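Every number in this text was worked out from the coordinates using simple rules, so none of it is lab data. Given the structure is predicted, the values throughout are model-derived calculations rather than measurements. Reconstructed Cβ throughout: ideal geometry from the backbone, glycine too, with neighbour counts over all protein chains shown.
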């Protein structure tokens, strides 16, 4: 194999590795600009989830109020304080710069208890001995917060929960976070993002980074024009494979796609870098399968989903699920009936434990959701699943009328 072929292969591997990080940089930059995301302080969204109806948001969550905490521990540990929340579902999903779900707090992870959590790297010694230490890889992480809300009457209460989420200790000095540029991200210069983001090579990836050094990762190299063309060819091939494999890897059958195996900890993904990239292409910040799982179906026209008892999502005793109806592009547009989502507590189950959902343009008795009659996108969210069964789960087929 000649040197040019090596460069293409190295670039392919490096881009697959970096792609989730690049997507996250793009998303966080957007949050800086449009959502007022700040560093080392909570940024809570004050609007009700139903206000997302009609917004240009793909698969909006219509049952939870949200927020985020963007962490920078480059110059010291950061301590987060959270309140006790036991009257509703709450989750704090901690995602590092590699897009691993490295830690959880909330209803499942710590039974909704209050507490202090100090985020630090392996070189830092947290001074708060009463706080739970949380080890991070890298300097940056984002904590995505979701708090369930049943109706408008709970708004002030949920806002008080949001307000009680506080960063109580953080360093004054910060690192600069990369600015996203799409042209750069899909060019041989994408390696600069790796160099900007990662302060220290992960212990388990030293050999991998030594290989990536040939194209400029943690190494000052000047590629010839011909070499840059080879690197670009590797990038293009990698992105084409990510898109192609995203379609096949997430296809479950019966018209459904899902991604139960491409989100999780570093240990869970276990060097499955293509899987991590597929997850990012499917949709950033998917939960680990123990917390929540998502199944998307694209269908045409009006019809039904008939779940026999054995077809229901496999959940733990504390698990719950919901079904949301969208248009063909997975947006939720306003309708005259305010019919968008059915949560488990509002579902009407049959005597034998099964359930039927009806999708049509006119109201029907039972579990009915509005559908315009054109393209129909359905999202099933399953929280606290039985992890031994959820990977093989496939919802039933859509029965068109």
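Quick notes on this structure:
- Of the residues 199, 382, 77, the one that moves most in a GNM of the chain with alpha-carbon contacts below 10 Å is 199.
- With the simple spin-label model, which puts each label point 7 Å out from Cα in the Cβ direction, the residue 81 to residue 372 separation comes to 4.8 nm.
- Overall form of segment 40-169 per C-alpha gyration tensor (a/c, 1.5; a/b vs b/c): prolate
- Estimated from the Cβ-Cβ distance and a Förster radius of 56 angstrom, the FRET efficiency linking residue 361 and residue 237 is about 0.80.
- Relative contact order computed over segment 289-400 (Cα-Cα under 8 Å; 6+ residues apart), in percent: 49 percent
- Segment 18-99 pair-distance distribution - Cα-Cα, 10 Å bins, rounded %: 14, 42, 36, 8, 0
- When the chain is treated as a GNM with alpha-carbon contacts under 10 Å, the residue of 348, 300, 310 showing the greatest mean-square fluctuation is 310.
- Taking other C-beta atoms within 10 angstrom as a stand-in for reagent exposure, 96, 352 fall in the order 352, 96, fewest first.
- Largest GNM mean-square fluctuation across 65, 344, 21, computed for the chain with C-alpha springs under 10 Å, falls on 344.
- For 321, 285, order by how many other beta-carbon atoms lie within 10 Å, fewest first: 285, 321
- Sorted by Cβ density within 10 Å, fewest first, the residues 43, 132, 324: 132, 43, 324
- The chain: angle of helix 273-282 to the longest principal axis, Cα-based, in degrees nearest 10: 50 degrees
- Pairs of Cα atoms nearer than 8 Å and 6+ residues apart set the relative contact order; for the chain it is 19 percent.
- Segment 266-342 - percent relative contact order, Cα under 8 Å, separation 6 or more: 17 percent
- Were the residues from residue 55 through residue 317 laid out at 0.36 nm apart, the gain over their Cα-Cα distance would be 90.9 nm.
- Helix axis angle, 3-34 relative to the chain longest principal axis, alpha carbon, degrees: 60 degrees
- Computed per residue of the chain from DSSP H runs no shorter than four, each worth -39500 (n - 2.57), the mean residue ellipticity at 222 nm is -7500 deg cm²/dmol.
- Nitroxide proxy distance, nm - points 7 Å out along Cα→Cβ at residue 38 and residue 116: 2.0 nm
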